[in-house]
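Below is one structure, written out as structure tokens, with a few remarks after it.
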Amino acid sequence: TGRTENMRFVNFAAPARLVGQFVDVEITEAMSNSLRGRIVTAIDMRLRLGLPPRGPEERFMCVVVEHAHELYAFLVDDVGDVVWLSPEQFEAAPVTLPASWRALADGLYRLEDDLLLVTRIVDRQGRT
């Protein structure tokens, strides 16, 4: 249980290790006196890829996905487009990728003017 910025109660299931910590929550139901929600794990892709952190005034977007009944919000600089790609176009990640990127990369697609890196939600060490 927690409170919103407007001091409304939010009830959600969470592991005991999160007691007393701030967490991002997706509101799933509005009740008359409270809200129900579930935890969303936020992952800053700049930090995961070893890039410089975003400045406090820089805008970002969240790409939310569900994996194994858990919600993840990937904080990204921008979302350019949604594309449908054929599995036949998929290529293995090149060995020239930096190690921090290879740990998260499954492979890539060659687009007309760019490369699209396919990342995984959980890296090879089992971390989100």
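The values are calculated or read from the model by the stated rules, or taken from the named source; none is laboratory data. Note that this is a predicted model, so its numbers are computed, not measured. The accessibility values were calculated without ligands, DNA or RNA, using every heavy atom of the protein model including side chains. Shrake-Rupley method; radii C 1.70, N 1.55, O 1.52, S 1.80 Å.
Below, the figures for the structure above:
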| quantity | calculated |
| --- | --- |
| Additional length obtainable on full extension of the chain from residue 51 to residue 95, 0.36 nm per residue less Cα span | 14.0 nm |
| Extension reserve of the residue 63-residue 110 stretch, reckoned as 0.36 nm per residue once the Cα distance is removed | 14.8 nm |
| Distance cut-off 19 Å, percentage of C-alpha pairs in the chain lying past it | 62 percent |
| For the chain, calculated [θ]222 nm from helices alone, where every DSSP H run of n ≥ 4 adds -39500 (n - 2.57) | -1000 deg cm²/dmol |
| Residue-normalised accessible area of the chain, given per residue in Å² at a 1.4 Å probe | 76 Å² |
| Among 63, 82, 23: highest mean-square fluctuation, GNM of the chain, C-alpha pairs under 10 Å | 82 |
| Carbon/sulfur fraction of accessible area - the chain, other protein chains in place, 1.4 Å, % | 54 percent |
